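Some notes on the structure that comes next.
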Amino acid sequence: MTTVTIQIDSRETRLMLMRAPARIDRALRAAMEDSTALLLREQQTYPPAPAGSKYKRTNTLRRSWSRRISREGSELVGVVGSNANIAPYNRYVQDQTQQATVHRGRWSNTVQETTRRNQATIQRYFDRRLREEFSR
């Protein structure tokens with residue numbers, strides 16, 4: 001009779017499980033950096049000036065946009081927003097529900113459209129960062 005003995009050394013598994021939360025957090029933070037940078041860049045982009053326009057742009061709306069990433073309890077939260085103290089008219093330019101008629105069709109980077117258009121890209125950022133972190 002042949003005896004087969006299997007010995008399982010779970011040290012590697014336990015070590016991997018202990019390191020997983022930090023690795024997940026690192027991947028999520030990197031993906032959040034990627035995502036908020038993308039959305040900020042898109043919101044700060046101005047359409048071309050209308051032909052024949054004599055209006056000189058101040059870029060105040062562009063400067064009103066910022067991003068931040070914070071931890072709220074166990075959640076990582078990324079925020080891209082426009083400061084209404086800097087550009088109080090921001091919603092009339094880049095909010096689809098409140099956009100002034102004069103801006104419709106020209107300012108296509110409303111908050112809602114930018115979010116919709118980049119949803120799949122942002123998902124890919126998170127997928128890629130998690131894959132990269134766990135393939136090390």
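Using packing as a proxy for protection, rank 71-79, 91-99 so that the peptide with the highest average count of other Cβ atoms within 10 Å comes first.
Answer by packing, highest mean first, reads 91-99, 71-79.
If you build a Gaussian network model of the chain, linking Cα atoms that sit under 10 Å apart, which residue out of Arg117, Arg29, Arg62 swings the most?
Looking only at Arg117, Arg29, Arg62, the biggest GNM fluctuation is shown by Arg117.
For Thr110, Thr2, give me the order by solvent-accessible area with a 1.4 Å probe, most accessible first, ignoring ligands, DNA and RNA.
Reading off the accessible areas and sorting them downward yields Thr2, Thr110.
Taking R0 as 41 Å, what's the FRET efficiency between Phe134 and Lys54 from their Cβ-Cβ distance, rounded to 0.05?
0.15
In Å², what does the accessible area per residue of the chain work out to with a 1.4 Å probe?
For the chain, the solvent-accessible area averages 73 Å² per residue.
Size of the dipole of the chain about the Cα centre, Lys and Arg at +1 and Asp and Glu at -1 on the beta carbon, nothing else charged, in debye to 20?
Dipole magnitude for the chain comes out near 640 debye.
Rounded to the nearest 10 Å², what accessible area does Val80 show when all protein chains are kept and the probe is 1.4 Å?
40
Taking all protein chains as present, what is the carbon and sulfur share of the accessible area of segment 12-126, in % to the nearest whole number, probe 1.4 Å?
With neighbouring chains kept in place, the figure for segment 12-126 is 56 percent.
Taking only Cα atoms, what is the 0 to 90° angle, nearest 10, from helix 11-43's long axis to the longest principal axis of the chain?
It is inclined by approximately 10 degrees.
For the full complex of protein chains and a 1.4 angstrom probe, list Tyr89, Tyr125 by accessible area with the highest value first.
Ranked list, largest accessible area first: Tyr89, Tyr125.
Add -39500 (n - 2.57) for each DSSP H run of 4 or more in the chain, then divide by its residues: what number comes out at 222 nm, to the nearest 500 deg cm²/dmol?
Rounded to the nearest 500, the figure is -16500 deg cm²/dmol.
Just to confirm a number: summing +1 for Lys and Arg and -1 for Asp and Glu over residues other than Ala30 whose beta-carbon lies under 15 angstrom from that of Ala30, what do you get?
+4
Cα extents of the chain along the three principal axes, largest first, in whole Å?
Cα extents, longest axis first: 94, 28, 23 Å.
Rounded to the nearest 10 degrees, what's the angle between the helix 111-134 long axis and the longest principal axis of the chain, both from Cα atoms, 0 to 90?
The angle comes out at about 20 degrees.
The values are calculated or read from the model by the stated rules, or taken from the named source; none is laboratory data. Please read these numbers as outputs of a predicted model, since none were measured by experiment. All Cβ positions, glycine included, derive from the backbone under ideal geometry; neighbour counts span all protein chains shown. The accessibility values were calculated without ligands, DNA or RNA, using every heavy atom of the protein model including side chains. Shrake-Rupley method; radii C 1.70, N 1.55, O 1.52, S 1.80 Å.
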